[in-house]
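One structure is given below, encoded as structure tokens.
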Amino acid sequence: MTYKYWLIACVAFVILEILPPPTHFFFVCMAFGALGGAIAAVFSTITWLPWVVFAVVSVALTPLMIPLAKFLFTPKPHASNVDALIGKKALVTEDIGPKSSGVVKVQGESWRALSEKDEFKKDEWVEIVKIEGASVIIRRTS
């Protein structure tokens, strides 16, 4: 009969985890501990054993869940706007010389392009290295 109480506790901990504010898996650890307590209550008649299993499982899972929570809830930096163009492939639509600018098309947009040392002909594929003002600096694709 006591395993039912452990299962109710397990469900209650899961509900507490879902409700705001986020607890970053603390109550999930408690829910797994309660589930372990329910399993221990089913297979054992010793009254203190489910409590020990609950405590051990909850405490053991807590340090394992902290890195997982940090990984899942830490915002990942990502390039935006023109910074997202760096490393992209572009198609040369107007010849580019080492000292003269030309035009490339990247993601459907035309950009003024400069090359530091190479010369590129129309219809060649290049890679964007950096952005300087309203121009992209390009190099040969690797």
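The values are calculated or read from the model by the stated rules, or taken from the named source; none is laboratory data. Everything numeric in this text was worked out from a predicted model, so none of it was measured. For neighbour counting, all protein chains shown are included, and Cβ atoms are generated from backbone atoms with ideal geometry for every residue, glycine included. Each accessible area value is taken on the protein alone, full model and side chains, heavy atoms only, with ligands, DNA and RNA left out. Shrake-Rupley method; radii C 1.70, N 1.55, O 1.52, S 1.80 Å.
Annotations for the structure displayed:
- Nearest-20 debye value, the chain charge dipole, Cβ charges on Lys, Arg, Asp, Glu: 160
- Across the cross-link table entries 99/122; 76/122; 4/70, which are compared at the Cα atoms, the separations over 27 Å belong to 76/122; 4/70.
- Charge dipole of the chain about the Cα centre (unit charges at C-beta), most positive-ward option of 34, 141, 90: 34
- Difference of contour (0.36 nm per residue) and Cα-Cα distance, residue 44 to residue 121: 19.8 nm
- Rg over Rh, two decimals, the range 38-103 (C-alpha only, Kirkwood Rh): 1.61
- Convex hull per residue volume in Å³, alpha carbons only, for the chain: 173
- Per residue solvent-accessible surface (Å²) - the chain, probe of 1.4 Å: 67
- Working from label points 7 Å from Cα in the Cα-to-Cβ sense, the residue 52 to residue 91 distance is 7.2 nm.
- 11 Å beta-carbon shell around residue 98, net charge (K/R +1, D/E -1): -1
- Expressed as a whole percent, the accessible surface of the chain that belongs to carbon and sulfur atoms is 68, based on a 1.4 Å probe.
- Taking label positions 7 Å along the Cα-Cβ direction at both residue 84 and residue 142, the computed distance is 2.4 nm, reported to one decimal.
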